[in-house]
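Chemist: Dumping the structure here so I can ask a few things about it.
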Amino acid sequence: MTDTRNLTDAEWREKLTPEQYHVLREAGTERAFTGEYESNKAPGMYKCAGCGAPLFSSDTKYNSGSGWPSYTAPVDPQAVDEHRDVSLGMVRTEVRCAKCEGHLGHVFPDGPGPEGLRYCINSAALDFEEKPGS
């Protein structure tokens with residue numbers, strides 16, 4: 001994993017693609033149904049595209065129909081931080097990578113898992129590491 005705690009804005013721009021930068025550093029959102037991992041069904045680990053921290057397992061991924069990769073829970077509760085987001089005239093809960101503070105997406109209370117949560121995450125914020133032997 002890359003130590004990203006002290007990267008300057010210029011270093012982030014050099015490290016990330018323009019879309020990744022927009023999502024991770026400017027809290028942007030990719031268009032629905034356009035992300036690389038929205039339909040991915042392979043087993044493996046979804047990691048932060050900014051710092052490589054493990055965030056979500058394919059075991060918790062499901063098709064929410066929202067157009068973005070959706071998960072019922074992070075791989076570890078401490079892998080993500082949640083923040084109140086009042087942009088766009090609504091109240092939502094933003095999800096950020098706990099390690100590099102990159103914007104990932106939002107979490108909503110309408111998921112199918114035991115906690116009833118849907119982590120709606122931008123593909124541009126993720127890298128996928130397929131499980132060996134799959």
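The values are calculated or read from the model by the stated rules, or taken from the named source; none is laboratory data. Quick caveat: nothing in here was measured; it's all calculated off a predicted structure. Backbone-built Cβ (ideal geometry, glycine too); neighbour counts: all protein chains shown. Side chains included, ligands, DNA and RNA excluded: accessible areas come from the protein's heavy atoms. Shrake-Rupley method; radii C 1.70, N 1.55, O 1.52, S 1.80 Å.
Chemist: Could you please give the count of residues in the stretch 34-53 that are outside any strand (DSSP E or B) and over 20 Å from Pro18 (Cβ atoms)?
Modeler: Of the residues in that region, 6 qualify.
Chemist: Being at positive phi, of a type in the set (Gly, Ala, Ser) and in contact with a Lys or Arg (Cβ under 6 Å, 6 or more places away or on another chain) is true for just one of Gly44, Gly89. Which residue is that?
Modeler: One residue alone meets the criteria, Gly44.
Chemist: A further question follows. Output the number of residues of the stretch 42-60 satisfying the condition of being touching a helix residue (DSSP H, G or I) at 6+ places or on another chain (Cβ under 8 Å) and open to solvent by 40 Å² or more (accessible area, probe 1.4 Å).
Modeler: Matching residues across the stretch 42-60 total 3.
Residue by residue, here is whether (1) in contact with a Pro (Cβ under 7 Å, 6 or more places away or on another chain); (2) open to solvent by 60 Å² or more (accessible area, probe 1.4 Å) holds:
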site: Thr72; (1), (2): yes, no
site: Glu82; (1), (2): no, yes
site: Val86; (1), (2): no, yes
site: Arg92; (1), (2): no, no
site: Cys100; (1), (2): no, no
site: Phe108; (1), (2): no, no
site: Pro112; (1), (2): no, yes
site: Glu115; (1), (2): no, yes
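Chemist: Looking only at the stretch 101-121, which residues are in a loop (DSSP other than H, G, I, E, B) and of a type in the set (A, V, I, L, M)?
Modeler: Hit for the stretch 101-121 is Leu117, nothing else.
Chemist: Look at Thr34 and say whether it is open to solvent by less than 80 Å² (accessible area, probe 1.4 Å) and under 16 Å from Ser66 (Cβ atoms).
Modeler: Judged against the criteria, Thr34 is a match.
Chemist: Out of all the residues in the stretch 1-26, which are part of a loop (DSSP other than H, G, I, E, B) and either crowded, with 17+ Cβ neighbours inside 10 Å or acidic (Asp, Glu) (or both)?
Modeler: Result: Asp3, Thr4, Leu7, Leu16.
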